[in-house]
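Beneath this line is the structure, given in structure tokens, with notes to follow.
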């Protein structure tokens, strides 16, 4: 009788262990890494701009950048995302001609809500803050013009992951980033260049 009870107990423990391992294998981990190619379209990129008098305007040129982000899931719905890239060179045009280049490092921190129960399609929305640090600030018009050293703004986000399996997926991501910098000419403020880029990203995601 004791042998039967012991065998039954061991069998139960074994079944629970197998079930636990299977559950762990089925559930993805709390981390996700994404790598994207991102197109930044500036609000003042190819039109509008900062008037310097008459028809002369300051504009920033649209560009493609690489982007890496790390996401941590607090729950299956709530996550935080840190968006990173290396300093990017932005061509600045004055009156339609290139007048110089500034460098910008624009990390963002997001709070996201992920929708579930849609199978492989996993959409999300997010809101966060962007801090941009500008380098080579006085590299415009041969040093005659410069920009502020930093910008802080709100970020709105909309995107989705389409999971190929429990780890790998394809990501599409849209962000609107509030970003502005004051422009100085001869040491005097000439106005504010509202960059406010729309970020359109396509990449891969890995959950672990």
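The values are calculated or read from the model by the stated rules, or taken from the named source; none is laboratory data. None of these values were measured; they are calculated from a predicted model. Counting neighbours? That spans all protein chains shown, and the Cβs are built from the backbone with ideal geometry, glycine included.
Observations on the structure shown:
- Total residues in the range 154-171, condition part of a strand (DSSP E or B) and touching a residue at least 40 places away in the same chain (Cβ under 8 Å): 8
- Subset of the range 185-205 [over 23 Å from residue 33 (Cα atoms), in contact with a strand residue (DSSP E or B) (Cβ under 7 Å, 6 or more places away or on another chain) and in a strand (DSSP E or B)]: 185, 189, 190, 191, 192, 193, 194
- Of residues in the range 98-111 being part of a strand (DSSP E or B) and under 20 Å from the mean Cα position of the chain (by Cα), the one farthest from residue 173 (Cα to Cα): 103
- Selection of the range 94-119 for residues being surrounded by 13 or more Cβ atoms within 10 Å (Cβ to Cβ) and either at positive phi or in contact (Cβ under 8 Å) with a residue 40 or more places away in the chain (or both) yields 94, 95, 99, 100, 102, 106, 108, 110, 112, 114.
- If you filter the range 112-153 down to residues that are over 15 Å from residue 58 (Cα atoms), touching a strand residue (DSSP E or B) at 6+ places or on another chain (Cβ under 6 Å) and outside any strand (DSSP E or B), you find that the one that is modelled with the lowest pLDDT is 136.
- For first residues located in the range 191-208 and at negative phi, partners that are surrounded by fewer than 14 Cβ atoms within 10 Å (Cβ to Cβ) and in a loop (DSSP other than H, G, I, E, B) and lie 6+ apart or on another chain with Cβ distances below 6 Å form the pairs 206/167; 207/167; 208/29.
- Some residue of the range 175-184 being modelled with pLDDT under 95, surrounded by fewer than 16 Cβ atoms within 10 Å (Cβ to Cβ) and closer than 23 Å to residue 37 by Cα: no
- For residue 75: the one exception among (1) out of contact with any helix residue (DSSP H, G or I) (no Cβ under 7 Å at 6 or more places or on another chain); (2) in a strand (DSSP E or B): (2)
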